[in-house]
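The values are calculated or read from the model by the stated rules, or taken from the named source; none is laboratory data. This is a predicted model, so every value here is computed, not measured. Every residue, glycine among them, receives a Cβ derived from its backbone with ideal geometry; neighbour counts consider all protein chains shown.
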Amino acid sequence: MRERARSTHCTCALSSGAEAKTILPKKEKLKLRRERWLQKIEAIKLAEQKLKAERRRRATVVVGDLQPLRDALPELLELEAGSRRPHTRGTSSKPRPAELSRMSAAQRLQLLEEERTRFRDLLASPAYRASPLQTIGQQLARQLQLDGGGLL
């Protein structure tokens, strides 16, 4: 009997005789319970992170989905507008940050205003009204050729 009490794991037959049940010491049970508790906490944290990321995506879904269109708009508008409206703003010597989170409030407002005017001009263009997908596709192809140097 004493040897059985000292062993860390002992298997005893159940009354049904079908399975063997492992009897664990109290410390082992506490460790297992703590591990399950930590796993539960980790699962909750992971779910919260996923929810937070989803909320962040929902908040920026318009910016994220319109990124290819936004990249294509400057050249398209220059081609469509021609000499109708020359650029009055000079380019700054400092490059604009790529991410919205790194921009200052003034830069974000300026970008938003530029996007509004580009979008209005795009909606007013006859080529876009005739075939929006084809116009955007052509512009994206031109942009890829310029950016990639014809790597395709």
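Values for this structure:
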{"item": "Tally of residues being outside any loop (DSSP other than H, G, I, E, B), among the aliphatic types (A, V, I, L, M) and under 20 Å from residue 56 (Cβ atoms) across segment 97-132", "result": "4"}
{"item": "Enumeration of residues in segment 106-125 that are of a type in the set (A, V, I, L, M, F, W, C) and touching a residue at least 12 places away in the same chain (Cβ under 8 Å)", "result": "111, 119, 122"}
{"item": "Long-range neighbours under 8 Å by Cβ, at least six apart or interchain, first residue on the phi < 0 side of the Ramachandran plot within segment 126-142, second among the polar types (S, T, N, Q) and in a helix (DSSP H, G or I)", "result": "127/135; 128/135"}
{"item": "Candidates 93, 101, filtered to the one that is loosely packed, with under 10 Cβ neighbours inside 10 Å and modelled with pLDDT under 65", "result": "93"}
{"item": "Residue list for segment 125-134, filter: surrounded by 11 or more Cβ atoms within 10 Å (Cβ to Cβ) and not charged (D, E, K, R)", "result": "125, 127, 128, 131, 132, 134"}
